[in-house]
Amino acid sequence: MPDAAILDRLRAAVEAGFDAEVAFLSEIVRFPSRRGAEGPLQDHLARSFAARGYVVDRYTLADVPLEAHPKAAPMVGVDPAGSVQVVATRRGSDPAARSVILQGHVDVVPEGPAEMWTDPPFSGRVRDGWLYGRGAHDMKAGVAAMVFAMDAIRGAGLVPRGDVHLQTVTEEESTGNGALSTLLRGYRADACLIPEPTGGTITRAHTGTLWFRLRVTGVPVHVMMADRGTNAILSAMHLIRALQEHTVRLNEAAHHDPIYRAVANPIKFSPGIIRGGDWASSTPAWCEVDCRIGLLPGTEVADAMAAVERCIAEARAGDDFLANNPPQVTWHGFQADGYVLEPGSEAERVLAAAHQQVFGEAMGERLSTAVNDTRYYGRYFGMPGLCYGPRGEGAHGFDERTELDFLKRTTLSIAAFVADWCGVEEAT
Ligand code: ZN
């Protein structure tokens, strides 16, 4: 762990920079960086990294041969050329020192009805020690923490001996292709830290995620003849119920999972978007449902996909209309594996020591029932993927917020981790 004198210097620097950190976070929350619209925020970040002296690589997903990688996921309805990624690099003085990637996603999920929020959804407002807005918690607070952790090292008069890459990526909420692209672009390190909002715990494991779109179509009739006609919405509901039953069976099987038996119902299924029909007095001719379902780290993506298709095929038999009109299944996003961070890595030990020093208590661990980007680092590219970050509330909900005092301590903890992992020396 960093010695006490270094930690004191880092603490003073985090303290001195914290007003600027809150202002930085508030500003980046005010960018409505929904999927496909992250460009202005990424340009803003690229400029701010350049102003800090980093070498900045700004590129888009169209610049990287994603299709060539078996773990790239389909991006339906999104232009890769509009999906901007930023990698900011600071080379260390010692090529033998350990390097680190600090990565955060800047895409946010839609805010939903604005009237459900107390403040406007992208306000970035600070109230009673919390900062509010879509993305404040998931995960722009983590982005602020990693940027200002590095600023604190510099503010303390120190420089890391190893290389540091600060990466802001997109597509975390839909495919993971942003994180994958940085690896295909060639960025590597001895460890990766992703400061998702874990409340100061390490993510021991996360589940995988699949996205699929169901499309049901048929011949509409006047509702007065509805018993003879077809109703695409009712048939879609039939498929949703079948998928709910499929999920119950998966969760029963999860009772025997070596890790996730500790979690009740770790497999989450959600029909997230529904559209269909054209007229109240015509039976609907079409219905589309965008769905998300989880999978355990020990399940192959291909097997989980086949199980969904089997479930839908079997459900057709119980529905007169579907039996003659096969529903279409389109895999239009996530095809994400789960990931287990194997205990005992040196990177985790260094992070745990930093956490202990800053928070005065042992770093806890959590099992996540949602996906994050660490899988690319840990599962496919052989570097420990640490998911650890600030604390807040309201991810994907309303009045999303991050707790500023916790953010300050997390910033220090990340600074202490980088200082110890990469080593530091006096700036000249
Ligand atoms: Zn997130």
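Computed from the coordinates by the stated procedures, all read-outs in this text should not be read as laboratory data. The shown structure was predicted, so the numbers you read here are calculated from the model rather than taken from an experiment. Cβ placement follows ideal geometry from the backbone for every residue including glycine, while neighbour counts extend to all protein chains displayed.
A few notes on this one:
- The stretch 297-418, Cα convex hull volume normalised per residue, Å³: 153
- Length-normalised contact order for the stretch 313-392 - Cα pairs under 8 Å, 6+ apart - percent: 27
- Interatomic Cα distance distribution for the stretch 351-417, bins of 10 angstrom, percent: 18, 41, 36, 5
- Here is how the number arises for the chain: DSSP H runs of 4 or more residues each give -39500 (n - 2.57), the sum is divided by the residue count, and the result at 222 nm is -10500 deg cm²/dmol.
- FRET efficiency, residue 405 to residue 324 (Cβ-Cβ, R0 51 Å, nearest 0.05): 0.25
- Ordered by the number of other Cβ atoms lying within 10 Å of each residue's own Cβ, fewest first, 168, 175, 369 fall into the sequence 369, 175, 168.
- Residue exposure sequence - 288, 115, 346, 196 - by fewest surrounding Cβ within 10 Å: 115, 346, 288, 196
- Remark: the residue 43-residue 279 segment gains 80.6 nm on full extension, using 0.36 nm per residue and subtracting the alpha carbon distance.
- Annotation for residue 264 and residue 119: the two label points, set 7 Å from Cα along the Cα-Cβ direction, are 3.5 nm apart.
- Calculated FRET efficiency, residue 23 to residue 225, Cβ-Cβ distance, R0 = 60 Å: about 0.40 to the nearest 0.05.
- A crude spin-label estimate for the pair residue 302 and residue 93, with each label 7 Å from Cα along the Cβ direction, gives 5.1 nm.
- The equivalent ellipsoid of the stretch 75-137 has semi-axes of 34, 21, 8 Å, largest first, where each one is the square root of 5 times an eigenvalue of the Cα gyration tensor.
- Treating r as the C-beta distance of residue 15 and residue 398 and R0 as 35 Å, the FRET efficiency rounds to 0.65.
- Its Cα gyration tensor gives the stretch 1-120 an equivalent ellipsoid, and the semi-axes of that ellipsoid, as √(5λ) in whole Å with the largest first, are 30, 24, 13.
- Cα-based values for the stretch 157-305, radius of gyration first and Dmax second, are 21.9, 79 Å.
- Taking all pairs of distinct alpha-carbon atoms in the chain, Kirkwood radius in angstrom: 22.7
- Which of 421, 286 has the fewest Cβ neighbours within 10 Å, and the rest in rising order: 286, 421
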